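Undergrad: Encoded as structure tokens, here's the structure I'll be asking about.
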Amino acid sequence: DVEQNREWLCDLLAGYGFEVRSARDGEHALQMLEHETVELLVSDQWMPGLDGWDLLRALRQRGPHVPVVLYSATPACKPQDMDSTLAFDACLLKPASSGELLKTLDRLLKAK
């Protein structure tokens with residue numbers, strides 16, 4: 001949701017050898033995913049326009065399953081109108097340590 005946070009996360013992950021793409025919001029992410037395939041997605045929960053929960057719902061409806069990590073300053077708070085089975089594959093609270101983040105991403109990528 002904040003450009004500076006996205007840039008920090010992208011720089012961190014690129015420094016560890018990940019190929020990183022960045023979207024300014026959920027709608028932009030969906031547009032990008034129409035043309036690109038990704039192995040994993042990291043999303044905030046509260047974003048302008050299409051929030052993290054709506055992005056997750058859209059991704060799950062599209063298939064195939066892509067792991068989605070919630071990386072948020074607040075604990076996961078699913079809107080009441082969301083399907084009760086909809087869930088992120090992992091949740092990390094900001095500021096998570098880089099070690100914790102990398103361990104989570106590694107676990108999800110190995111599980112694919």
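The values are calculated or read from the model by the stated rules, or taken from the named source; none is laboratory data. Keep in mind that what you see is a predicted model, and the values were worked out from it rather than measured. Counting neighbours? That spans all protein chains shown, and the Cβs are built from the backbone with ideal geometry, glycine included. Please note that ligands, DNA and RNA were not included when accessible areas were found on the heavy atoms of the full protein model with its side chains. Shrake-Rupley method; radii C 1.70, N 1.55, O 1.52, S 1.80 Å.
Undergrad: Answer yes or no: is there a residue in region 14-32 that is modelled with pLDDT under 90 and under 22 Å from R107 (Cβ atoms).
TA: Among the residues of region 14-32, not one is modelled with pLDDT under 90 and under 22 Å from R107 (Cβ atoms), which makes the answer no.
Undergrad: So, in region 73-112, how many residues would count as being open to solvent by less than 50 Å² (accessible area, probe 1.4 Å), farther than 23 Å from R60 by Cβ and not hydroxyl-bearing (S, T, Y)?
TA: So the answer is 3.
Undergrad: Touching a residue at least 60 places away in the same chain (Cβ under 8 Å) and over 14 Å from the mean Cα position of the chain (by Cα), is that true of Y71?
TA: Taking the combined requirement at face value, the residue does not satisfy it.
Undergrad: Shifting gears a bit: Hey, could you check region 31-72 for residues that are of a type in the set (F, W, Y) and open to solvent by less than 40 Å² (accessible area, probe 1.4 Å) and say which is farthest from K103 (Cα to Cα)?
TA: Ranking the candidates gives W53 first.
Matching residues to (1) of a type in the set (D, E, K, R); (2) touching a residue at least 24 places away in the same chain (Cβ under 8 Å); (3) out of contact with any Pro (no Cβ under 7 Å at 6 or more places or on another chain):
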{"residue": "E27", "(1), (2), (3)": "yes, no, yes"}
{"residue": "E36", "(1), (2), (3)": "yes, no, yes"}
{"residue": "W46", "(1), (2), (3)": "no, yes, yes"}
{"residue": "P67", "(1), (2), (3)": "no, yes, yes"}
{"residue": "P75", "(1), (2), (3)": "no, no, yes"}
{"residue": "K78", "(1), (2), (3)": "yes, yes, yes"}
{"residue": "S84", "(1), (2), (3)": "no, no, yes"}
